[in-house]
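J.: Questions regarding the structure given below will be posed in turn.
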Amino acid sequence: MALQEKYKELIDTARKAGISNLQVSEQNNVLHITGEAPNAATKDTLWDIYNKIDPDFRAGDLVLDVNASAAPGTKAKVVTESSNLNIRKGPGTDQPVIGKAAHHEIVTVMSKTNDQWSLIRTDNGAEGYVYSQYLAPV
Amino acid sequence: MLLIFSAGLLVLSCKGKEKEKDLNTTTNADTMTTADTSVITTAPETVTEAQLRDATKDFPGVQATVNNGEVTLTGTISRENLPRLMQSVQALNPTKVNNNLTIK
């Protein structure tokens, strides 16, 4: 309960921001907040609050698993820092790179393999797997 | 002649026993499978080494280990990149994240 007090601002903001499937639970003195953010900006806001309450994420008492990945059949924007995004033959960084999606390019999400990897297609026709963390709904 | 015949009988009787053994093994395996399934459904998902490798790949100075779903981060990172690393790791829904990183 003490953790829910500590991260009250974060939980309240998540509730107001329309996080779907929002779950707040405490396990072994670690607070878990999970859900789906409607967009990348909402996710960033939550992480800014997290960093403010627990500077540099040192306390190890929160797991914030709120992702803003695009749903299958929708368009997504490549949100890498500045570089191009690797398109791989299979879902894993051990898989060969078969193409690139440009920084801020809009791609089509075909399916989600798991929480980490999505199958995408670019407008140039390149198809393969990318790390979902770098895709934001548009 | 008698020797060959009895040897043949021995092989036959052994074969019979083997079959029985197979049957027993199958029954045991079925029971075990049922027990295993119930364990799998109740156990929480834990972070795998491969998932962690994928999540930290873009942060060359960072080492990450996982033990019973608990992730420990060591090495160095810039304060600017820290939130992106934490997002990537916490998206695996680990039980806990120990941040022992040196921040430059």
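The values are calculated or read from the model by the stated rules, or taken from the named source; none is laboratory data. This is a predicted model, so every value here is computed, not measured. Note that each Cβ is placed from the backbone with ideal geometry, even for glycine, and that neighbours are counted across all protein chains shown.
J.: Can you name the residue in segment A:31-69 that is of a type in the set (A, V, I, L, M, F, W, C) and out of contact with any helix residue (DSSP H, G or I) (no Cβ under 8 Å at 6 or more places or on another chain) and is also nearest to the other protein chains (Cβ to nearest Cβ) among such residues?
T.: Across segment A:31-69, the extreme among qualifying residues is A:ALA59.
J.: Also, quick follow-up: Which of (1) within 12 Å of another protein chain (Cβ to nearest Cβ); (2) in a strand (DSSP E or B); (3) not basic (Lys, Arg) is the odd one out, the single condition A:ALA76 does not satisfy?
T.: (1)
J.: Let me ask you something else. It is to be established whether one or more residues within segment A:97-105 are within 10 Å of chain B (Cβ to nearest Cβ) and either in a loop (DSSP other than H, G, I, E, B) or in contact (Cβ under 8 Å) with a residue 40 or more places away in the chain (or both).
T.: The answer is no; no qualifying residue exists.
J.: For segment B:82-100, which residues satisfy the criterion of being outside any strand (DSSP E or B), out of contact with any helix residue (DSSP H, G or I) (no Cβ under 7 Å at 6 or more places or on another chain) and facing chain A (nearest Cβ under 8 Å)?
T.: Correct list: B:ARG84, B:GLN90, B:ASN93, B:PRO94, B:THR95.
J.: Looking only at segment A:86-95, decide whether some residue is small (Gly, Ala, Ser), under 21 Å from B:PRO94 (Cβ atoms), crowded, with 19+ Cβ neighbours inside 10 Å and within 10 Å of chain B (Cβ to nearest Cβ). I'd like the intermediate steps shown before the answer.
T.: Applying the first criterion (small (Gly, Ala, Ser)) to segment A:86-95 yields A:90, A:92.
Next, only the ones that are under 21 Å from B:PRO94 (Cβ atoms) stay: A:92.
Filter again for crowded, with 19+ Cβ neighbours inside 10 Å, leaving none.
Scanning segment A:86-95, I find no residue that is small (Gly, Ala, Ser), under 21 Å from B:PRO94 (Cβ atoms), crowded, with 19+ Cβ neighbours inside 10 Å and within 10 Å of chain B (Cβ to nearest Cβ), so the answer is no.
J.: So A:HIS32 ticks every box in (1) in a loop (DSSP other than H, G, I, E, B); (2) of a type outside the set (A, V, I, L, M, F, W, C); (3) within 20 Å of B:ASN99 (Cβ to Cβ) but one. Which box is left unticked?
T.: (1)
J.: Could you identify the single residue in B:THR56, B:THR76 that is within 11 Å of chain A (Cβ to nearest Cβ) and at pLDDT 50 or above?
T.: Matching residue, one of B:THR56, B:THR76: B:THR56.
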